[in-house]
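In what follows, a structure is listed as structure tokens, so that the remarks can point back to it.
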Amino acid sequence: MTVIPRERSKNILAYLHKHYAEKVTINDSATAVNISPKECIRSFKKNIHQTPIEYLLNYRVEQVKKILRHSELSITDIALRAGFSTSYFSKIFKERVGMTLREYRQRQG
């Protein structure tokens, strides 16, 4: 049975959503849908318009924004729940959101 590329991308998305808080590699995503890492990137980028890793970083940022709005957890705990070390995640968050984690939390409160 041949899986069409869109269906493949949906399966990769499902894998990323389920495992976003873990260390996820291209090999993990590719293995989950029984394709090569190169095909995983090509297929995903064609259908989602970004690489699986770019998507994963953006998805993690969105999950953290939700947690920041609805939780009193420390920023360190939130970063760890999203699968990041604090310093790296702070950098990624600021690049994608335009403010620090603390600034975002203060503006939401």
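Summary of computed values
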| quantity | calculated |
| --- | --- |
| Identity of the residue in the range 95-109, basic (Lys, Arg) and in contact with a Leu (Cβ under 8 Å, 6 or more places away or on another chain), that ends up least open to solvent (accessible area, probe 1.4 Å) | ARG105 |
| Count of residues meeting criterion [farther than 29 Å from THR86 by Cβ and of a type in the set (Val, Ile, Thr)] in the range 32-61 | 2 |
| Hey, SER85 at pLDDT below 90, hydroxyl-bearing (Ser, Thr, Tyr) and either closer than 16 Å to SER9 by Cβ or over 13 Å from the mean Cα position of the chain (by Cα) (or both) or not | yes |
| Of all residues making up the range 5-49, the number that are in a loop (DSSP other than H, G, I, E, B) and surrounded by 14 or more Cβ atoms within 10 Å (Cβ to Cβ) | 4 |
| Condition check for ILE78: open to solvent by less than 50 Å² (accessible area, probe 1.4 Å) and under 14 Å from TYR104 (Cβ atoms) | yes |
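The values are calculated or read from the model by the stated rules, or taken from the named source; none is laboratory data. This is a predicted model, so every value here is computed, not measured. Glycine gets a Cβ as well: all are built from the backbone with ideal geometry, and neighbour counts include every protein chain shown. Remember, those area values only see protein heavy atoms, side chains included, never the ligands or the DNA or RNA. Shrake-Rupley method; radii C 1.70, N 1.55, O 1.52, S 1.80 Å.
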